[in-house]
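Mind having a look at this structure? Questions to follow.
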Amino acid sequence: MKSLRFISAEALVSNAQLARKSLSSVAHNLFPLLFKASYLLEQGEVIHDLVENWPLANFNIGKLLGTTVDYQEDISSRACCVCLESCLVGLRDYVLNCSSPYSKRLKVVDLTGIKDVEVQLCKCKKTLGRWARTELLSKLCFELLVEMQRLQFQPCIFDIAIDILIDLFVTERNYELVVQALLMRCHCPLKIRCVAFRADSLALRKLFYIIKLTDPSSLRKLEVVHNIRLEMEHLEVLFNNIHFPLLTSLTLPARAFSVQRFAAEDEPILMTIGEKMSQMTQLTELSLAFSTLTGKIRKLLSPLKTPLKLLDVSNCALNHADMAYLANSLHSNHLEVLDLSGHNVADLYPSTFFKLLSHCSHTLKILILEECNIQDIHVNMLILGLIPCRKLQEFKFLGNPLSSRALKCLFNVFSDLPKLNYIEFPVPRDCYPNNVTYPIDDADLSKFDHQKYESVSEELNNILLHANREDIKASTPLFGGYDAAIQETGNELGSYLLKSFKDTLENFNKALQEMN
Ligand SMILES: [Zn+2]
């Protein structure tokens, strides 16, 4: 519900001209209220002027848009293009505007609270995602320096130093711009402070260079993904040269580890990496999806001194020893998010898998078991494993060969899990033709009896409904869930893949010619 104050604020900012004229006589403590109201109504010009004249020491966008006394709704998931652009340009003009009636007290701007989600509820329906925010802020920092040069010496500008906390997302396409902005950070009044760093489609040389520029000593989250050919030996070089004392979360690209072509001399590399990770005493989240780690997970995880809360070892070809290590490790009692997709958990290592599940049952919030070959014969065992997971909020198990009947049994159990609110379940086995084999390849994935699926899906939802669990959302996103980062940079990702494919072909051709 909106308070009377909020409704009045909305009334004021809905007339942009009037609001902009009145700003100089508005009390300091009303700025946050007016900001949220303008953001809600997408009043870009007012937002710009509010930020340009921001009278307070802090500007934390997550807090400003989050639940407030005057309006409970959290609107921080609106990465609205109009609003965010106005905000960032307003920041640049905050520095340049020497005639603002307010004294310049702003010290910290925190932009990390914006959430990138699939559905945009704002009017313009256009988002300014993480990648675009990175680009725009870098561009504005650069423009600011050019403008300062033009204005010569203006003491009111040169005294300003504002830390801008932001989650950077860099690819080849915005690399140069971001590097420029980071290099000139000491001269620019707006100082980019990178809290989380994500890199994709970037050469290793550039990756290493830009990580150094981000000030790794204060970095909390590092994601190196998809089109970056970071392998174990590169990771060793990275960790030997750069320290990440505050890192809490690390994501490595597919094939960062491939122990199938492991030689004796690789063993020390793995140990060094484990040891370097153990020096990151705050590291609690580790994503190693699509690395091959058969028989080596202990080497990597046992040196860690802090228990992991998130572990993604999907498609890592873990063997029995790995699973036994995980089940008995210090991490097992602390895991909140566990992804074991791509492992035949119920057949290959039933006892160790269920031991692991039982050890983390008191902490587990998200469990992902996609394409794990879980069949009807395993359902009773799975139910026994799930019942103690009273904190479970999300369970995703797409791609498993389960019948409609088995799904119904599972849904009856789901309705008893008090915190559960999200399920991704597979298309039932009996909706596919008899000759389909699991894992089903992309081409055959949508070749099922859709009518039958709809009716089963309705029955499953009815089970939840009858148990008064309308709060649980159950769906079957055939090709995986939404990924804001992929959404934003998908085009570049595709062309980068094509280019590397072309390069490989050319090299191959050259090699052939040389042989001739
Ligand atoms: Zn919008």
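The values are calculated or read from the model by the stated rules, or taken from the named source; none is laboratory data. Just so you know, these numbers come straight off a predicted model, no measurement behind them. Every residue, glycine as well, gets a Cβ built from its backbone with ideal geometry; the counts of neighbours run over all protein chains shown. These area figures cover heavy atoms from the full protein model, side chains too; ligands, DNA and RNA do not enter into them. Shrake-Rupley method; radii C 1.70, N 1.55, O 1.52, S 1.80 Å.
Grab the eigenvalues of the alpha-carbon gyration tensor for the range 189-240, scale each by 5, take roots, and send me the semi-axes largest first in whole angstrom.
Values: eigenvalues 81, 30, 20 Å².
With the √(5λ) rule applied to the range 189-240, the semi-axes are 20, 12, 10 Å.
Exposed loop GluC sites (Glu not before Pro) only (DSSP loop, at most 14 other Cβ atoms within 10 Å): please give the longest stretch of the chain free of them, not including the sites. Don't jump to the answer; show the numbers that get you there.
Values: sites that count: 73, 118, 265, 470.
Answer - 266-469.
Okay, moving on. May I ask for the distance between the Cα centers of the range 395-445 and the range 76-97, given as a whole number of Å?
44
Could I ask something else about it? For a quick check: with amide H placed at 1.01 Å from N, whose amide H comes under 5 Å from residue 198's, ignoring anything fewer than 5 positions away on the same chain?
Residues meeting the amide H criterion: 168, 169, 170, 223.
In a Debye calculation with equal point scatterers on the alpha-carbon sites of the range 119-230 and no solvent, what is log10 I(q)/I(0) at q = 0.12, 0.15, 0.19 Å⁻¹?
-0.47, -0.69, -0.98
Size of the range 307-346 along its principal axes in angstrom, Cα-based, largest extent first?
Each principal axis gives a Cα extent; for the range 307-346 these are 24, 18, 15 Å.
Direction-averaged shadow area of the convex hull around the Cα atoms of the range 43-182, nm²? Provide the component values of the computation, followed by the final result.
Working: hull surface 36.1 nm².
Over all viewing directions, the range 43-182 projects a mean Cα-hull area of 9.0 nm².
Over the residues of the range 1-117, compute the C-alpha Rg and express it relative to 2.2 N^0.38 Å. Could you put the intermediate results ahead of the total?
Values: Rg = 13.0 Å, N = 117, 2.2 N^0.38 = 13.4 Å.
Dividing the Cα Rg of the range 1-117 by 2.2 N^0.38 Å gives 0.97.
Name the residue from 333, 344, 381 whose Cα lies farthest towards the positive end of the charge dipole of the range 325-387, charges +1 on Cβ of Lys and Arg and -1 on Cβ of Asp and Glu.
333
Provide the per-residue ³J(HN,Hα) series for the range 61-70, in order, calculated from phi with Karplus coefficients 6.51, -1.76, 1.60 and θ = phi - 60°, each as a whole number of Hz, with x at glycine and proline positions.
Once θ is set to phi - 60°, the couplings for the range 61-70 become 5, x, 6, 4, 8, x, 4, 10, 4, 7 Hz.
Right, next: Please work out the C-alpha center-to-center distance from the range 1-71 to the range 193-265 and express it in whole Å.
A separation of 40 Å, based on Cα centres.
At what distance in nm do the modelled label points of residue 435 and residue 358 sit from each other, each positioned 7 Å from its Cα along Cα→Cβ?
4.4
Strictly over 18 Å apart at the Cα level, which of 309/391; 419/473; 125/396; 365/396 would you flag in this model? Could the numbers behind the result be given before it?
Numbers: 309/391 14 Å; 419/473 12 Å; 125/396 29 Å; 365/396 11 Å.
Cα-Cα > 18 Å for 125/396; rest within.
Can you work out D for the range 374-516 in µm² s⁻¹ from Stokes-Einstein, where Rh is the Kirkwood radius over C-alpha pairs, the temperature is 37 °C and the viscosity is 0.692 mPa s? Spell out each step's value before the answer.
Values: Rh = 18.0 Å.
Translational D for this selection: 182 µm²/s.
At a threshold of 8 angstrom on Cα-Cα distance, excluding pairs fewer than six apart, so keeping six or more, what relative contact order does the range 175-313 reach in percent? Display every interim value, and only then the final one.
Numbers: 224 pairs, mean separation 28.3, N = 139.
Relative contact order here is 20 percent.
A follow-up question, please. Can you tell me the relative contact order of the chain? Whole percent, Cα pairs under 8 Å, sequence separation 6 or more. Display every interim value, and only then the final one.
Numbers: 906 pairs, mean separation 39.6, N = 516.
Worked out over the chain, it gives 8 percent.
How big is D, in µm² s⁻¹, for the range 257-316 by Stokes-Einstein at 10 °C and 1.306 mPa s if Rh is the Kirkwood radius over C-alpha pairs? Write out the running numbers ahead of the final one.
Details: Rh = 11.9 Å.
This corresponds to a translational diffusion coefficient of 134 µm²/s.
If you don't mind, another one. From the backbone phi of the range 388-397, what are the Karplus-calculated ³J(HN,Hα) couplings (6.51 cos²θ - 1.76 cosθ + 1.60, θ = phi - 60°) in whole Hz, Gly and Pro given as x?
Each residue's phi maps through the Karplus curve to give x, 7, 6, 9, 4, 10, 10, 9, 10, 9 Hz.
Okay, next question. Using just the C-alpha positions of the range 395-471 as equal point scatterers, what log10 of I(q)/I(0) does the Debye formula give at each q in 0.21, 0.22, 0.28 1/Å?
Calculated log10 I(q)/I(0) at the listed q: -0.93, -1.00, -1.41.
Under a 5 Å amide H to amide H cut-off, with H placed in plane at 1.01 Å, what residues pair with residue 292 once short-range neighbours are removed?
Answer set, sorted by chain and number: 255, 257, 258, 259.
Which whole-Hz couplings ³J(HN,Hα) result when phi for each residue of the range 428-443 is put into the Karplus expression 6.51 cos²θ - 1.76 cosθ + 1.60, θ = phi - 60°, listed in order with x for Gly and Pro?
Coupling constants for the range 428-443: x, 3, 6, 8, 8, x, 4, 8, 6, 10, 9, x, 6, 7, 3, 5 Hz.
Given the Cα-Cα distance of residue 416 and residue 499 and 0.36 nm per residue of separation, how much length would full extension add, in nm? Kindly include the intermediate steps, with their values, before the conclusion.
Numbers: separation 83, 0.36 × 83 = 29.88 nm, distance 5.03 nm.
Difference between extended and current length: 24.8 nm.
Taking H placed 1.01 Å from N in the peptide plane, check which residues at least 5 places from residue 193 or on another chain put their amide H under 5 Å from its amide H.
164, 165, 166
Here is a further query. So how much accessible area does residue 54 have, in Å² to the nearest 10, using a 1.4 Å probe?
0
Still on this structure, I have one more. For the range 448-470 and the range 316-379, what is the centre-to-centre distance using only Cα atoms, to the nearest Å?
Centre-to-centre distance over Cα atoms comes out at 27 Å.
Here's another thing I want to ask about it. Can you compute the radius of gyration and Dmax for the range 316-452, using only the Cα atoms, both in Å?
Rg then Dmax for the range 316-452, in Å: 14.9, 47.
If I take all pairs of Cα atoms in the chain, what percentage of them are more than 38 Å from each other?
The share of Cα pairs beyond 38 Å in the chain comes to 39 percent.
Count neighbours as other Cβ atoms within 10 Å of each site's Cβ, and list the trypsin sites (Lys or Arg not before Pro) in the range 371-400 that are DSSP loop with at most 14 such neighbours. Display every interim value, and only then the final one.
Details: sites: 390, 391, 396; in loops: 390, 391.
Counting only loop positions with at most 14 other Cβ atoms within 10 Å, the trypsin sites (Lys or Arg not before Pro) in the range 371-400 are 390.
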